[in-house]
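Down below is the structure, laid out as structure tokens.
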Amino acid sequence: MEEISDMSPSAPTLSLEVEEKPSRSMRVLRAIFSPEALSVLLAVGAFALWLYALPSINLNNISDLGLVTALTPLTISALAIIVVSYVIALQRPQLRAPLLLLHLVLLIFMLYGVTAVLEAVPRFSTVYRHAGFTEYIMRTGSVDPNLDAYFSWPGFFILSAFVTQSAGYHTILSYAAWAPFAFNILYLGPLFMTLSSLTRYKRIIWLGLLLFYLTNWIAQDYFSPQGFDFFFYLVIIAMLLKWFKTTAVPMYAAQTQAGAGSWRTRLAHMGDFLTRKQITAVEPATQGRSLNRAVRSILYWATAPDTLVTPAPARQRAALLTILLVMFAFVIYSHPLTPVFVCVSVLALAICGRIYPRWLPIVMVLMMLGWIYFMTRAFLAGHMYMVVGSFGHLFNIVSVNVTNRVSQGSPGHIVIANLRVAMTLTLWGMAVLGAFRRLRVGFHDISPMLLAVAIMPLIVTQDYGGEMLLRIYLFTQPFMVFFAASLFYVKVTRKVPYLTIAALALVCLVLLSGFLFTRYGNERMDYKTAAEFAGVQALYHAAPRGSALVALWSDTPWQYKDYEQYDIYVVGNQIPDAVANADVNAVLTYVRTRYHTHTYLIFTRSQNASAEVAAGISAATLNTLETGLVATGQFKLIYANADAQVYEYMRAS
Amino acid sequence: MHTFLYRWLWPALLLLLSLAALWATFIMPDTLVRPALVMAFLFICPGIALMRFLRLQEWYVELTLGVALSLALDGILATIFLYAHIWWPSVIIGILFAVSLVGACAQILLLRTPPTVVVVTESAPAGEV
């Protein structure tokens with residue numbers, strides 16, 4: 001502070017007050033008790049609490065409501081603390097990215113790495129099948145499209161075979177349990193890029209990330225090609241939204257550029273249309289019929305340019321486009337569905353003039369069709385009905401994807417299925433409200449709206465084994481969470497109202513609760529015990545190559561090696577009523593008619609759990625069936641432990 | 001300091017990780033750290049060795065695209081060898097080592113200064129920063 005004082009009656013004098021520097025100890029105290037330090041303490045403390053509570057979790061307590069019934073109050077409290085700490089950190093006037101990142105990484109570990117820490121062997125029977133594909137490639141150095149559909153899209157398994165062998169492992173089972181954590185960490189980068197390309201408001205970006213991880217209950221991120229390829233989908237879309245957005249030109253300028261209407265001129269301008277970086281902005285009509293004005297208003301809104309553009313030199317853009325196509329080249333032969341989603345999304349953006357070059361989706365579609373035509377004919381020849389048979393049968397598709405899931409199974413499973421529908425509708429509902437809020441303020445969120453809805457019509461094309469809706473949810477999720485986050489933050493403010501903070505914290509805690517039920521709701525049948533896997537290993541040790549391996553119900557952790565050497569049969573997939581009614585004679589006839597020199601029967605804990613949870617068939621029924629089959633005297637017990645029994649069928653000579 | 005770090009940090013990390021993975025793969029294949037070193041190398045090095053020549057602004061963008069490109073290159077190279085009926089993972093990883101080492105050295109020689117800062121242009125509606 002400066003004040004002017006007189007040394008003489010007439011002349012002014014100057015005196016300065018010097019502000020005292022705080023002492024070193026005071027500075028240290030301020031740093032320790034700063035909001036950022038307290039936030040770090042909360043996050044790390046919650047993680048430590050969660051680690052401390054883990055040993056007290058007993059997986060035998062898992063019920064039909066899933067893993068949440070085995071979690072202790074301390075574990076759940078730790079999750080709640082870190083979520084609330086994140087929400088509080090989000091309200092700081094100046095956001096600290098390292099602080100928020102620390103929260104997110106720890107939260108991802110706690111939510112997605114919990115099963116890898118708790119369970120002795122990887123969960124999901126499908127992971128073991130994927131281990132078998134990878135082992136086949138490692139052993140033979142080749143793929144066989146006649147063996148399984150996945151060998152027509154073998155990219156992910158070729159990569160995993162290469163990585164596994166290079167790392168010195170013999171099987172992916174050594175590390176596959178960590179796939180959900182690793183994949184979700186991978187998703188972080190492109191998600192941040194995408195959200196940053198849609199808004200510069202950091203609170204929306206970071207809240208969007210939190211909402212993504214709290215609503216990603218789909219669980220497609222296990223060791224699978226679809227979980228892996230979702231990362232590439234995110235990267236491709238992020239690159240397009242960051243560097244390849246179009247800018248607008250006024251309509252009258254575009255008209256003069258178009259010139260006369262001769263066919264030569266039109267052909268010349270088609271080339272320009274495919275490559276140009278500019279879209280034609282429609283000017284709103286102020287006169288004319290109301291319908292015409294309404295249509296032009298919608299077009300004016302739809303052709304408005306995106307507000308965030310990252311300029312890049314032409315050479316850099318060319319290099320980025322090349323890299324994008326290299327990534328897409330890997331995607332087209334890694335998974336059958338992901339390239340379709342990529343093409344549809346990119347096509348929607350290109351048709352609506354949001355990105356350039358407009359020839360990009362054409363090239364992508366040609367690449368995808370090229371692989372399908374030249375490399376998947378073996379699969380398509382025998383499975384054309386599976387690919388196109390459900391096309392247009394919306395009622396059947398909805399039944400397989402939704403109705404059957406919410407009406408079949410144990411009471412606990414039905415609750416979980418309904419919770420999943422509720423979670424989906426909650427997120428989509430929040431997204432719709434957020435989108436409206438942004439519309440009212442004046443944002444033109446064309447690109448994220450397109451990406452949120454473009455792939456939804458694919459529901460009428462294929463049921464994809466009852467999983468099409470799940471995949472659509474996953475691929476629209478980044479854009480849904482963007483709008484859902486916008487529900488809480490629309491205008492930039494330094495200080496967020498306390499009511500908003502409280503509402504946000506409550507919503508996040510509700511979503512966290514929903515996540516724990518919906519993501520791990522099938523855990524009773526999904527998780528595998530070490531004893532079960534030991535039984536499967538004993539089966540493979542005993543059974544000569546060429547044997548028939550039979551299970552009463554699905555979800556056995558088998559096929560992890562020698563994939564092509566054994567014939568696999570699941571009685572419940574062929575004659576489910578015989579299993580449900582414990583019809584020993586029908587099952588015995590089924591086993592007898594496998595006509596292999598050697599036939600083996602395996603019973604596991606997860607078969608019982610799967611039958612009970614997913615089909616409502618009690619464990620007592622399967623046990624009765626097992627006892628009845630053994631009582632026929634035609635099965636010799638060759639291995640048994642608490643969770644698995646292996647029998648050899650003694651075929652009558 | 002910023003220029004020094006830009007020129008030397010990533011290339012040093014690439015060289016270090018590549019050499020460590022090389023050692024774990026060919027010289028001490030039974031070492032316990034082999035999986036961690038080899039996976040870290042395969043997931044990061046080949047892509048970052050090439051991506052930095054694009055001179056992207058943000059480090060997290062560089063890292064994200066570097067990892068994606070690494071995974072794609074690993075997969076495509078392995079696929080080429082598989083369909084050529086030459087399933088030799090040691091040769092494939094050898095090629096990736098070469099790409100990473102050459103890329104790291106080229107970065108030291110060619111990428112001496114950080115890229116110039118480019119302003120993200122926008123015409124924001126009211127309320128959006």
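Here are a few things to note about the model shown:
- Taken together, the criteria exclude B:Thr79 from residues that are in a helix (DSSP H, G or I), among the hydroxyl-bearing types (Ser, Thr, Tyr) and in contact (Cβ under 8 Å) with a residue 24 or more places away in the chain.
- Of the residues making up the range A:423-451, those that are within 18 Å of the chain's Cα centre (by Cα) and within 20 Å of A:Leu512 (Cβ to Cβ) are A:Met423, A:Thr424, A:Leu425, A:Thr426, A:Leu427, A:Trp428, A:Ala431.
- Residue list for the range A:167-193, restricted to those being facing chain B (nearest Cβ under 9 Å), under 27 Å from A:Leu240 (Cβ atoms) and not small (Gly, Ala, Ser): A:Leu186, A:Leu188, A:Pro190, A:Phe192, A:Met193
- Residues that are more than 8 Å from chain B (Cβ to nearest Cβ) and hydroxyl-bearing (Ser, Thr, Tyr), drawn from the range A:154-166: A:Ser160, A:Thr164
Per-residue answers, yes or no, for (1) at pLDDT 95 or above; (2) part of a helix (DSSP H, G or I); (3) in contact with a Cys (Cβ under 7 Å, 6 or more places away or on another chain):
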residue	(1), (2), (3)
A:Gln462	no, no, no
A:Leu469	no, yes, no
A:Pro478	yes, yes, no
A:Tyr489	no, no, no
A:Ala503	no, yes, no
A:Leu509	yes, yes, no
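- Of the helices (runs of 4 or more DSSP H) lying entirely inside the range A:75-150, the ones with 1 or more residues being charged (D, E, K, R) and buried (at least 21 other Cβ atoms within 10 Å of the Cβ) are found at A:125-140.
- Residue match in the range B:88-95 (condition: outside any loop (DSSP other than H, G, I, E, B), facing another protein chain (nearest Cβ under 7 Å), within 26 Å of A:Leu198 (Cβ to Cβ) and modelled with pLDDT of 95 or more): no
- Enumeration of residues in the range A:133-151 that are small (Gly, Ala, Ser) and in contact with a Leu (Cβ under 8 Å, 6 or more places away or on another chain): A:Gly141, A:Ser142
- Residue that is more than 12 Å from every other protein chain (Cβ to nearest Cβ), touching a helix residue (DSSP H, G or I) at 6+ places or on another chain (Cβ under 7 Å), among the hydroxyl-bearing types (Ser, Thr, Tyr) and within 28 Å of A:Ser160 (Cα to Cα), where the choices are A:Tyr213, A:Tyr233: A:Tyr213
Rundown of residues vs (1) in a loop (DSSP other than H, G, I, E, B); (2) over 9 Å from the mean Cα position of the chain (by Cα); (3) more than 17 Å from B:Ile93 (Cα to Cα), yes/no style:
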site	(1), (2), (3)
B:Arg7	no, yes, yes
B:Ala20	no, yes, no
B:Ala40	no, yes, no
B:Cys45	no, no, no
B:Phe53	no, yes, yes
B:Leu56	yes, yes, yes
B:Leu73	no, yes, no
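- Which listed residue is touching a Leu at 6+ places or on another chain (Cβ under 9 Å), of a type in the set (Phe, Trp, Tyr) and surrounded by 14 or more Cβ atoms within 10 Å (Cβ to Cβ), from B:Phe81, B:Phe97: B:Phe97
- Residues within the range A:151-173 that are assigned to a helix (DSSP H, G or I), in contact (Cβ under 8 Å) with a residue 24 or more places away in the chain and β-branched (Val, Ile, Thr), tallied: 2
- Residue ID - surrounded by the most Cβ atoms within 10 Å (Cβ to Cβ), chosen from residues in the range A:321-333 that are at the interface with chain B (Cβ under 7 Å from one of its Cβ atoms) and of a type outside the set (Phe, Trp, Tyr): A:Met327
- Taking first residues from the range A:413-431 that are more than 17 Å from A:Phe212 (Cα to Cα) and partners that are outside any helix (DSSP H, G or I), the Cβ contacts under 6 Å between residues at least 6 apart in sequence or on separate chains come to A:His413/A:Asp64; A:Ile416/A:Gly521.
The values are calculated or read from the model by the stated rules, or taken from the named source; none is laboratory data. None of these values were measured; they are calculated from a predicted model. Cβ: placed from backbone, ideal geometry, glycine included. Neighbour counts: every protein chain shown.
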